[in-house]
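Derivation of every value follows stated rules applied to the coordinates shown; laboratory data play no part. This is a predicted model, so every value here is computed, not measured. Positions of Cβ are backbone-derived with ideal geometry, glycine not excepted, and every protein chain shown enters the neighbour counts.
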Amino acid sequence: MQIIDMRNVTLILAFLFVSLVGYAQEKNKKMTFEVDGKCEMCKMRIEKAALGVKGVKYAQWDIPTHQLSLVVDERKTNAMEIKSALAKVGHDTKELKATQEAYDNIHPCCKYREDDSDDSKKHHR
Ligand SMILES: [Cu+2]
């Protein structure tokens, strides 16, 4: 039996440290957040905008729940960057609202803001 060399211990510790740092910045980090939208067109626009951000590997927006599920490389991007890309194409998130100009550019059927306001009156005849 050999006594463990201190250099090996140092190597092991260094390896553990690197793994921990690697863990904090995940290559395939899953995240989910809410994005405002309404329909199939919104879905395409939201997913396209998210995937257009460098480091986003997977994006799927669910129409009924408004949840955007992502897989991102945390070393390349972060949630805020993705949210600003979404705001640019006219979609709101809790932290970041699209400008009126960006919102005006989305298709009329996608006007989710009006839909969220009390539209019960509009439907009364
Ligand atoms: Cu839409």
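Cross-link pairs exceeding 22 Å between alpha carbons, from the set Lys29/Lys54; Lys48/Lys76; Lys27/Lys97; Lys48/Lys83; Lys83/Lys111; Lys57/Lys88: Lys27/Lys97.
Would you be so kind as to identify all helices of the chain, as entire DSSP H runs, whose Cα atoms reach 18 Å or more along the helix's own axis and whose mean Kyte-Doolittle hydropathy is at least 1.0? Passing helices, by number: 6-24. In the chain, taking the dipole from charged Cβ atoms about the Cα centre, the farthest positive-side position among Ile63, Ile106, Leu51 is held by Leu51. Projecting the Cα atoms of Cys39, Val18, Ile82 onto the dipole axis of the chain, where Lys and Arg carry +1 and Asp and Glu carry -1 at the beta carbon, places Val18 farthest toward the positive end. Net charge in the neighbourhood of Trp61 (other residues with Cβ under 12 Å of its Cβ; Lys, Arg +1, Asp, Glu -1) is -1.
Checking every one of the GluC sites (Glu not before Pro) in segment 56-97 against DSSP loop status and a limit of 14 other Cβ atoms within 10 Å picks out Glu95. With Rh defined as the Kirkwood radius, the inverse of the mean 1/r over Cα pairs, the Rg/Rh of the chain is 1.28. Near Glu74: Cβ cut-off under 10 Å, other residues only, Lys/Arg at +1 and Asp/Glu at -1. The net charge is +2.
Summing Cβ point charges (Lys, Arg +1; Asp, Glu -1) relative to the Cα centre of segment 2-61 gives a dipole of roughly 220 debye. Overall, the chain carries a charge dipole of about 260 debye about its Cα centre when +1 sits on the Cβ of Lys and Arg and -1 on the Cβ of Asp and Glu, all other atoms neutral. The string of couplings for segment 102-112 from the Karplus curve (6.51, -1.76, 1.60, θ = phi - 60°) is 5, 5, 5, 7, 6, 4, x, 6, 9, 5, 6 Hz, one whole number per residue in order, with x for Gly and Pro.
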